[in-house]
Amino acid sequence: MKRHRYGLLAFVGFVLSGLALPALAQQQPIRIRVSLGDVSLNKLIFVIAQEEGIYQKNGLQIEQYITPRAAAVVRNSGVHVPPEYIRDFDESPPIAIGGGSPTIVGMTTNARAVDRVIVASTDNIVRWHVIARPGIRRLEDLKGKRIGYSGYGAMTHFMALVFAQRMGWDPDRDLSLMSGALAVDTLKDGRVDAFIGDEVARTMAASAGFTPLQDMKEWNIPIAGSGVNVDRHWLKNNREAVRRFVKATVEAVAVMKQNRDAGAGGIGKWYNIQNREQQQMILSYAGGLPRKPYPAIEGIKKVMELYNYHEMRKHNPEDFIDTSFVQELDQNGYIDSLYK
């Protein structure tokens, strides 16, 4: 019954958006390669789009994989992604699913970075956790300690800087920020005193006996979180492909919010997390994701504030986004139709 209901909503959405199902069925599907930048709730959106046939309904043939680096990071927390879902493309794919912060920082620090534009943000308010080793009971106890994150410019690094700012600490003098440490094993063996973790890391940490010290969602801080980042040059000649992809994205968000079985199935298959309690803990955060994933302009402003170096100051926040795709789906009523 749930699958039937979502199929009906999708049909209504196609009509509302001016792209009827028969027309799509007669067309050759548009092929796109997509990189899933990490193992998280946000990437589950695109797993659902694949597994529930949402890409196909939108006239898309998507080849998507979790990157080897992302799989290696989450492996250190006890999550073993099946090898058939791990792959690096020979060339950078036209669409990458990942954080706005690393995308922007990468483009302004790496001369070889692909020039990408953010067309949708599936995360716009900080919702991660500070997870500490036993014996540390207050945030104040972390002054002078080692805080783990994944890599410079990554969402975890951004949030470590947000944490330091919130506490009134100098991130270079009052803390030791340690890269390569978004993992439960770094707490177990004492290499860090705490790390900033997303919902998957938080779930695995809880299973290992570590209690979150702080839910950062309570701080209501804007972020340029995970989203759909498109090669700007490729976008010029492929706007229809991106329009369909963003449309599939918002439908998959609706399915994840309203059908936990679909979400749990994706977690079990792609993330190889079979424990029902762990699946539901991860999915409990889905309600906080935006129904209308406009590019997170306030979060981009926060990125530019924290990474305030010379090359970053050459840009305006609007340089990094294209709101037209989500705006079209919002104004024609398609997104709202998915929740009626």
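Since every read-out is calculated from the coordinates, none of them should be taken as a lab result. Worth saying up front: this structure is predicted, and the values here are computed from it rather than measured. Backbone-built Cβ (ideal geometry, glycine too); neighbour counts: all protein chains shown.
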Next item on the list: Determine the distance separating the Cα centre of the range 195-231 from the Cα centre of the range 257-334; give it in Å without decimals.
Entry: 12 Å
Note to self: Past 29 Å, Cα to Cα: identify those pairs from Lys188/Lys217; Lys217/Lys301; Lys145/Lys302; Lys145/Lys292; Lys143/Lys301, in the order given.
What the structure shows: Lys145/Lys292
Checklist line | Degrees separating the helix 2-16 axis from the principal Cα axis of the chain, which is the longest one | finding: 70 degrees
Checklist line | Potential extension, Ala111-Thr211 segment - 0.36 nm per residue separation minus Cα distance | finding: 32.0 nm
Next item on the list: Filter the chymotrypsin sites (Phe, Trp or Tyr not before Pro) in the range 222-308 to those in DSSP coil with at most 10 other Cβ atoms within 10 Å of their Cβ, and list the result.
Entry: none
Next item on the list: When a/c is below 1.5 the answer is rounded, else prolate if a/b is larger than b/c, else oblate, so apply that to the range 168-278 with a ≥ b ≥ c taken from the square roots of the Cα gyration tensor eigenvalues.
Entry: oblate
Notebook entry, point to check: Mind listing the phi-derived Karplus ³J(HN,Hα) values for the range 312-325, rounded to whole Hz, using 6.51, -1.76 and 1.60 with θ = phi - 60°, and x for any glycine or proline?
Noted result: 5, 5, 6, 10, 9, x, 5, 5, 9, 10, 9, 8, 5, 6
Notebook entry, point to check: Taking every DSSP beta bridge that has both residues in the chain, what percent is antiparallel when rounded to the nearest 5?
Noted result: 50 percent
Margin query: Taking a ≥ b ≥ c as the square roots of the Cα gyration tensor eigenvalues, with a/c under 1.5 meaning rounded and otherwise prolate when a/b beats b/c, else oblate, which class fits the range 129-219?
Written below: rounded
Checklist line | Order of His315, His310, His157 - criterion: other Cβ atoms within 10 Å of each residue's Cβ, fewest first | finding: His310, His315, His157
Check: Ala181's amide H: which non-local residues (gap 5+, or another chain) put their own amide H closer than 5 Å, with H modeled 1.01 Å from N in plane and none for Pro or chain starts?
Finding: Tyr149, Ser150
Check: Among 92-99, 50-57, 197-204, how do they line up from the highest to the lowest mean number of other beta-carbon atoms within 10 Å?
Finding: 197-204, 92-99, 50-57
